[in-house]
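See below for the structure under consideration.
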Amino acid sequence: MRIRVFDTPDAAAAYAVALVEQTAAVYAEPVLGLATGGTMIPFYKALVQAVRQGLDLSRAWAINLDEYVGLGAEHPQSCAGFMREHLYRHVPWDGARAHIPDGCAPDLAAECRRYDRLLATHPVHLQFLGIGLNGHIGFNEPGDELVAETHLVELSETTIRSNARFFRDPGEVPRRAITMGVGGILRAERVVLLAFGEQKAEVVARALTGPITTRLPASLLQLHRDVTVLLDTAAAQKIRGKTVENG
Ligand code: PGA
């Protein structure tokens, strides 16, 4: 695991884009595992800029981690809505190569299986992740058990409270989601975890240096052989006993 600490989220986002460029240079059809959430906004801003300056992602696949149950793609607070707002509105993307679980599928279990078939045929080269205040990755919430494959989850109260900031009415936050499982995440060839701000410092330190436990899903990333963690100084301030690189 490599931990890199930057002065600002924008500097970390620029580095994240450089990793996309590296991946795009290696694979004719790079498969990007994409995430939503406030942390990812500077990354998409920098990615859009890079595409405008010539980065060619026309043959890239984009496979998102998760989606709320019951929010259609047209809903602005859906993960699909987030991706449209921050990426697809700016960078034309072949719809056949842009995937997000369908939270309105009539058969949600079948939708999860469909997603795993997609992941099996398109193994992710570069998986981007945020981290929840409770240590979730994707919507894999802390618990006694974790699920390897794509599945339906009940969102935790922490997640519902934290995501309420994106909704006009906090009562509108869905209580369930479809998420790639931890197996799907750990099968990615390379994982990039981003976290910014003081409020993430505690969970970041525990995830990177504490015991590996289903009670903190991001701690499982310690088992992956190629993880790069991109932090700002505020999110990195509680890490002890690990080498961190600057910028
Ligand atoms: P955030 O969410 O980027 O909005 O903090 C991260 C996450 O919950 O994975």
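The values are calculated or read from the model by the stated rules, or taken from the named source; none is laboratory data. Predicted model, so just to flag it, every value in this text is computed and none were measured. Glycine gets a Cβ as well: all are built from the backbone with ideal geometry, and neighbour counts include every protein chain shown.
Would you check if Val91 is farther than 27 Å from Val173 by Cβ and assigned to a helix (DSSP H, G or I)? Taking the combined requirement at face value, the residue does not satisfy it. Residue pairs whose Cβ atoms lie under 8 Å apart, sitting 6 or more positions apart in sequence or on different chains, and linking a residue in the range 146-163 that is within 16 Å of Pro101 (Cβ to Cβ) to a partner that is at pLDDT below 95 and not in a loop (DSSP other than H, G, I, E, B), are Leu155/Asn163.
Against the test of being surrounded by fewer than 22 Cβ atoms within 10 Å (Cβ to Cβ), at positive phi and without any contact (Cβ under 8 Å) to a residue 40 or more places away in the chain, the options Gly95, Gly72, Gly54 yield a single qualifying residue, Gly54.
Could you run through the range 115-159 and say how many residues are assigned to a helix (DSSP H, G or I), within 13 Å of the ligand (Cβ to nearest atom) and under 17 Å from Val69 (Cα atoms)? Summing the residues that are assigned to a helix (DSSP H, G or I), within 13 Å of the ligand (Cβ to nearest atom) and under 17 Å from Val69 (Cα atoms) in the range 115-159 gives 1.
Here Ser162 does not qualify as closer than 18 Å to Leu216 by Cα, touching a His at 6+ places or on another chain (Cβ under 9 Å), within 12 Å of the ligand (Cβ to nearest atom) and at pLDDT below 95. Restricting attention to the range 165-189 and to residues that are more than 17 Å from the chain's Cα centre (by Cα), assigned to a loop (DSSP other than H, G, I, E, B) and within 15 Å of the ligand (Cβ to nearest atom), the residue that is surrounded by the fewest Cβ atoms within 10 Å (Cβ to Cβ) turns out to be Phe167. Residue check: Leu208 meets all listed conditions (1) within 17 Å of the chain's Cα centre (by Cα); (2) over 25 Å from Leu119 (Cβ atoms); (3) not in a helix (DSSP H, G or I) but one, namely (3).
Just name the residue that is farthest from Gly38 (Cα to Cα) out of those in the range 133-150 that are buried (at least 21 other Cβ atoms within 10 Å of the Cβ) and touching a strand residue (DSSP E or B) at 6+ places or on another chain (Cβ under 8 Å). So, considering only residues that are buried (at least 21 other Cβ atoms within 10 Å of the Cβ) and touching a strand residue (DSSP E or B) at 6+ places or on another chain (Cβ under 8 Å), the one farthest from Gly38 (Cα to Cα) is Thr150.
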